[in-house]
Amino acid sequence: MLNSTVTKVEIDGWSVLFNVPNTLSWIRIILLFLSLRYFGKRKYLLFVVYHTISGFLDLFDGVLARSLGQQSIVGQFFEHILDQYSHFLMNACIGFLYPSYIAYFFYEIAIELWNSIFNLYIHTVKTSDQAWWHQTTFFSSACSLTIHDHPNLRLLNWYGPDIFHTVLVLRYILLNEAGGKFMIITKQHISMRKLQLIIVYVLCFTGFFALLRTFVTSCFMLEKLYKLAEAR
């Protein structure tokens, strides 16, 4: 009879916490806090720059984790929490720049936060029958909009809202900091009329995907609440 032995592999937590993809996540955290610092100092262009660089690094941490074989649970946590923190930060800041629309941008924060908390809460719910969680509802059909799930539009559905938010900040700079160094340099290369038209077109195009994401996220939340209401 053969004796099977189990080899325990000791994992150094520090080496995982600061491996290449997770180090990128730490850099993203620093950049996000720096962006918030510059927003507080009303240096909105630097806010956009640091926030955009942080979002750009998000493209690489997952790729590096897979290619280097450095996938980890803490890396998945970073991926989830940093995306949400980045969205919260941007929506909150835009809400303060555009107080007339602050309700919408804070609703964006609320609905994303509620979905995250619900996903955590649902694993703690003890019911006699779990079939309720897998049933199809009206909201299921609304959530699976063809245009939202279309593979050719996936990048726009993911990044369209982020571009919309970034351009909103640039529009604020254009309208309120016309005498700043950035605007003076920009005027040397493009007329303000053309720049304003470009910004309006980009906002209209990407704003559609921002509203679509809000609608779909809201449908997901309503579906979860509806299913929870029917739980036994």
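Some observations on this one:
- The packing ranking of peptides 80-93, 183-196, 32-45, 161-174, highest mean first, is 161-174, 80-93, 32-45, 183-196, where packing means the average number of other beta carbon atoms within 10 angstrom of each residue.
- Stretch gain in nm, segment Ala178-Gln196, where the contour uses 0.36 nm per residue and the Cα spacing is subtracted: 5.2 nm
- Using the Cβ-Cβ distance between Glu230 and Tyr121 with R0 = 25 Å, the FRET efficiency computed as 1/(1 + (r/R0)^6) comes to roughly 0.95.
- If you take all other residues with their beta carbon under 15 Å from the beta carbon of Lys43, and give Lys and Arg +1 and Asp and Glu -1, the sum is +3.
- Using θ = phi - 60° and Karplus 6.51 cos²θ - 1.76 cosθ + 1.60, couplings along segment 110-120 (whole Hz; Gly, Pro as x): 4, 5, 6, 5, 4, 4, 5, 5, 5, 4, 6
Each value in this text was obtained by applying a stated rule to the coordinates, not by laboratory testing. All values reported here derive from a predicted model rather than from experimental measurement. Every residue, glycine as well, gets a Cβ built from its backbone with ideal geometry; the counts of neighbours run over all protein chains shown.
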